[in-house]
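K.L.:
Here it is, the structure, as structure tokens.
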Amino acid sequence: MLELRNISFNVDQEGQDKEIIRNVSLTLPDGQLTVVTGPNGGGKSTLARLIAGIEKPASGQILWNGQDITDWSVTERAKAGIAFAFQQPVRFKGIQVFDLIRLAAGKTLTVADACQYLSRVGLCARDYIDREVNASLSGGELKRIEIATVLARSAALTIFDEPEAGIDLWSFQNLIEVFEEMRATIAGSSILIISHQERILNIADEVVVLKDGQVAAQGPKDRILPQLIGTSSAIPDCRINTEEAGRK
């Protein structure tokens, strides 16, 4: 279980501190799919990076299964079972797709094993398994390969920062199935997704609305989602994208 206790985060902007995250407290129970949404600039991606250890909070605590990991590095958190998928995946010149998946799994994999992970994200394995993770791959291909590495890890907590960004409609539909499969097959694992997309919010157990660096609303999907699609004015400026990815 992940707990955030009174987390705040500031950045230096023209010589002055700007508060990006303000006193945020959250609990992510085991086995739950949580979606964090809200207006642009509200601090969603920053929150994800704080949990992953890419950024360090100015104050507050981050607890993982009761242990304080606030000062842990990205590597230490990864070893403890926390995985992070970037909004813009990193390219690794000189590394083949097979090697990347094998490294993510942290164990010996056959080519057939790696191909299964690629197939689950809608890629023809024989076309990608020996390719380098470099500029020859499109953004959508990189995104799907990164998700394949996440699947190979079988992490206890997986964080996705706007996973729908830059992918086509077919891939987006496939992505929804991947998330549902992860929740069903990785026992006790938690998933945290940063997203504006209604279809992703629709598969959430809980929705958190982050606005101006603070939690504006939090609760079960059935209670929060109607407020976000315009049936309530309780959360101003927080309407979500009802258009599917690939149709932007």
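The values are calculated or read from the model by the stated rules, or taken from the named source; none is laboratory data. All values reported here derive from a predicted model rather than from experimental measurement. Glycine also receives a Cβ, built like all others from the backbone with ideal geometry; neighbour counts cover every protein chain displayed.
K.L.:
Considering every residue within region 2-23, establish whether at least one is in a loop (DSSP other than H, G, I, E, B), in contact (Cβ under 8 Å) with a residue 12 or more places away in the chain and in contact with a strand residue (DSSP E or B) (Cβ under 8 Å, 6 or more places away or on another chain). Outline the logic, then answer.
P.N.:
Residues of region 2-23 that are in a loop (DSSP other than H, G, I, E, B), as a first pass: 14-15.
Now drop any that are not in contact (Cβ under 8 Å) with a residue 12 or more places away in the chain, which leaves none.
Within region 2-23, none of the residues are in a loop (DSSP other than H, G, I, E, B), in contact (Cβ under 8 Å) with a residue 12 or more places away in the chain and in contact with a strand residue (DSSP E or B) (Cβ under 8 Å, 6 or more places away or on another chain).
K.L.:
Between residues in region 67-83 that are free of Cβ contacts under 8 Å to residues at least 24 places away in the same chain and residues that are in a strand (DSSP E or B) and of a type in the set (Val, Ile, Thr), which pairs lie under 8 Å by C-beta distance while being six or more apart or on different chains?
P.N.:
Pairs that qualify, where the first residue is free of Cβ contacts under 8 Å to residues at least 24 places away in the same chain and the partner is in a strand (DSSP E or B) and of a type in the set (Val, Ile, Thr), are 68/62; 69/62; 70/62.
K.L.:
Assuming residue 56 fulfils every condition listed in (1) over 17 Å from residue 216 (Cα atoms); (2) at pLDDT below 95 apart from one, which condition is it?
P.N.:
Only one criterion is unmet by residue 56, namely (2).
K.L.:
What's the number of the only condition in (1) in contact with a Lys or Arg (Cβ under 8 Å, 6 or more places away or on another chain); (2) closer than 30 Å to residue 219 by Cα; (3) part of a helix (DSSP H, G or I) that residue 36 fails to meet?
P.N.:
For residue 36, the exception is condition (3).
K.L.:
Something else about it: Among the candidates 67, 16, single out the residue that is at pLDDT 90 or above, over 28 Å from residue 178 (Cα atoms) and surrounded by fewer than 14 Cβ atoms within 10 Å (Cβ to Cβ).
P.N.:
Of the residues listed, the single one that is at pLDDT 90 or above, over 28 Å from residue 178 (Cα atoms) and surrounded by fewer than 14 Cβ atoms within 10 Å (Cβ to Cβ) is 67.
K.L.:
Here's a follow-up. In region 56-82, how many are in a strand (DSSP E or B) and either under 17 Å from the mean Cα position of the chain (by Cα) or of a type outside the set (S, T, N, Q) (or both)?
P.N.:
Looking only at region 56-82, we keep the residues that are in a strand (DSSP E or B), and these are 59-64, 67-68, 82.
Pick out the ones that are also either under 17 Å from the mean Cα position of the chain (by Cα) or of a type outside the set (S, T, N, Q) (or both) and you get 60, 62-64, 68, 82.
Matching residues across region 56-82 total 6.
K.L.:
Does any residue of region 119-131 turn out to be free of Cβ contacts under 8 Å to residues at least 60 places away in the same chain, closer than 17 Å to residue 154 by Cα and touching a helix residue (DSSP H, G or I) at 6+ places or on another chain (Cβ under 7 Å)?
P.N.:
Step one: of region 119-131, the residues free of Cβ contacts under 8 Å to residues at least 60 places away in the same chain are 119, 121-131.
Subset that is closer than 17 Å to residue 154 by Cα: 119, 121.
Of the ones still in play, those that are also touching a helix residue (DSSP H, G or I) at 6+ places or on another chain (Cβ under 7 Å) are 119, 121.
Checked region 119-131: at least one residue is free of Cβ contacts under 8 Å to residues at least 60 places away in the same chain, closer than 17 Å to residue 154 by Cα and touching a helix residue (DSSP H, G or I) at 6+ places or on another chain (Cβ under 7 Å).
K.L.:
Are any residues in region 108-133 among the basic types (Lys, Arg) and either within 26 Å of residue 49 (Cα to Cα) or not in a loop (DSSP other than H, G, I, E, B) (or both), and if so, which ones? It would help to see each step written out before you state the result.
P.N.:
Narrowing region 108-133 to residues among the basic types (Lys, Arg): 120, 126, 131.
Once the filter is applied, which keeps residues that are among the basic types (Lys, Arg) and either within 26 Å of residue 49 (Cα to Cα) or not in a loop (DSSP other than H, G, I, E, B) (or both), region 108-133 yields 120, 126.
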